[in-house]
Amino acid sequence: MAQQFTITDQTGRLDKVCAELMKSISRSRAKELIQIGNILVNHQTVKPKYEVKSGDQIEISMPAPKKLDLVAENIPLSIVYEDDDVIVVNKPQGMVVHPAPGHPDHTLVNALLYHTPLSNINGTLRPGIVHRIDKDTSGLLMVAKNNMAHESLSKQLKDKTNVRKYVALVHGVIKDDQGTVDAPLGRDKKDRKKQAIVADGRHAVTHYRVLERFLNYTLVECQLETGRTHQIRVHMKSIGHPIVGDPLYGPRKTIKGEGQFLHAQVLGFVHPRTGKQLTFSAPVPPIFEQTLKHLRHSQARY
């Protein structure tokens with residue numbers, strides 16, 4: 001069923017405005033929907049760059065999810081918590097969260113489907129998945145087993161009431177003990193694989209706190225206020241401290257690992273059924289811990 005919106009005080013490109021009107025879709029997804037005719041302005045098709053005007057009638061139709069044959073796969077899971085409504089898993093580096101072009105199987109979703117039923121709010125594409133972390137980022141994810149839980153967890157993300165803290169090893173020595181990066185993010189106009197700080201991007205805020213300093217590196221805790229694609233990786237690079245081992249945003253000369261040294265360490269949320277605040281923590285992967293031990297031994301700390 002199509003959703004109708006009347007423009008009042010919104011301004012800017014149609015794809016940007018649609019992403020603001022419907023929080024469940026990204027700007028890039030809005031652009032795709034406009035191009036295939038699923039978003040109309042005053043009952044007519046327009047281009048994504050159309051500048052909305054007061055009084056415009058916008059109609060957004062979400063296409064049915066494409067059928068995707070998700071196969072339940074017996075892949076080991078590191079389960080931190082589980083009940084009838086939610087499951088919290090510690091995702092290893094190298095595992096994609098859900099099937100996508102180029103990664104049709106061997107994902108976290110394939111493993112979860114073998115273990116338990118999942119919510120179907122995201123259709124057959126991303127069952128149970130409330131939020132994601134990058135393939136080569138490790139750490140905690142909350143997954144919904146039913147639609148009631150999914151709606152509750154999604155609302156907490158939207159309302160910014162849950163807790164998501166990451167630990168990251170970055171290049172260089174950060175002088176201040178803490179800080180905040182508040183910079184909008186969007187697709188890099190020169191490289192579609194990357195995100196970048198762009199004036200018309202989506203609001204993004206990362207808070208960071210220094211945990212430990214080495215001669216050439218800093219261990220930081222990053223707390224997300226928003227959850228944009230590659231947010232911590234781009235934000236830390238923007239202040240001159242890219243994440244160690246990051247193949248997209250880091251320097252070529254870096255510490256070799258299994259991807260970026262970024263780990264979703266702490267996850268907190270209110271349980272959808274009981275209303276109880278739950279907080280979980282997961283240790284960094286062995287290669288991360290070994291690297292820290294080596295740095296403590298080889299580089300004098302401040």
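Here are the numbers for the structure shown:
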| read-out | value |
| --- | --- |
| Shape category assigned to segment 3-60 from the gyration tensor of Cα positions, a/c cut at 1.5 | rounded |
| Positive-end residue, segment 142-214 charge dipole about Cα centroid, Cβ charges, pick of V163, V210, L153 | L153 |
| Listed peptides 106-119, 72-85 by packing density, highest first (mean Cβ within 10 Å) | 106-119, 72-85 |
| Cβ-placed point charges (K, R +1; D, E -1), dipole of the chain about Cα centre in debye, nearest 20 | 860 |
| Computed [θ] at 222 nm, helices only, for the chain once each DSSP H run of length n ≥ 4 contributes -39500 (n - 2.57) | -5500 deg cm²/dmol |
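Laboratory data are not the source of any read-out in this text; all were calculated from the coordinates shown. The shown structure was predicted, so the numbers you read here are calculated from the model rather than taken from an experiment. Note: ideal-geometry Cβ built from the backbone for every residue, glycine included; neighbour counts use all protein chains shown.
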